[in-house]
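None of the figures in this text is laboratory data; all of them are computed from the coordinates on show. What you see is a predicted model; the values in this text were computed from it and never measured. Cβ placement follows ideal geometry from the backbone for every residue including glycine, while neighbour counts extend to all protein chains displayed.
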């Protein structure tokens with residue numbers, strides 16, 4: 001069973017090369033030569049939580065550009081689904097397809113979700 005163990009501040013990001021919503025190959029090392037990169041992972045395109053997250057990043061593009069930061073979102077969705085999500089929500093950053101979730105695992109963010117029930121006090 002996989003457990004989530006995300007990278008910590010100061011850890012080096014694992015290298016990756018993934019296709020974006022347009023079928024273009026995006027290489028992290030190439031992006032980092034130009035600017036900082038904000039990599040975020042989401043479980044599924046067009047779901048309510050993932051949509052809000054993507055729209056917030058879309059709406060903050062100017063602020064992030066002022067910080068010389070480029071956004072890339074990574075999910076296990078296929079390229080076609082990413083393109084639909086980008087178009088529908090007018091997203092202004094790359095969405096990358098990690099269908100086998102190898103990159104999410106390398107970043108320590110892929111694992112089984114645990115639900116715990118709390119006690120009412």
**Request:** Please determine, in degrees from 0 to 90 and to the nearest 10, the orientation of helix 48-59 with respect to the longest principal axis defined by the Cα atoms of the chain, where the helix direction is its Cα long axis.
**Result:** 30 degrees
**Item:** Folded to 0 to 90 degrees: helix 79-89 orientation relative to the chain principal axis, Cα
**Value:** 80 degrees
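If a/c stays under 1.5 just call it rounded; otherwise compare a/b with b/c (prolate if a/b is bigger, oblate if not). Do that for segment 9-60, with a ≥ b ≥ c from the square roots of the Cα gyration tensor eigenvalues.
Prolate.
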**Fill in**
Of 101-111, 61-71, ordering from highest average Cβ density within 10 Å down gives 101-111, 61-71
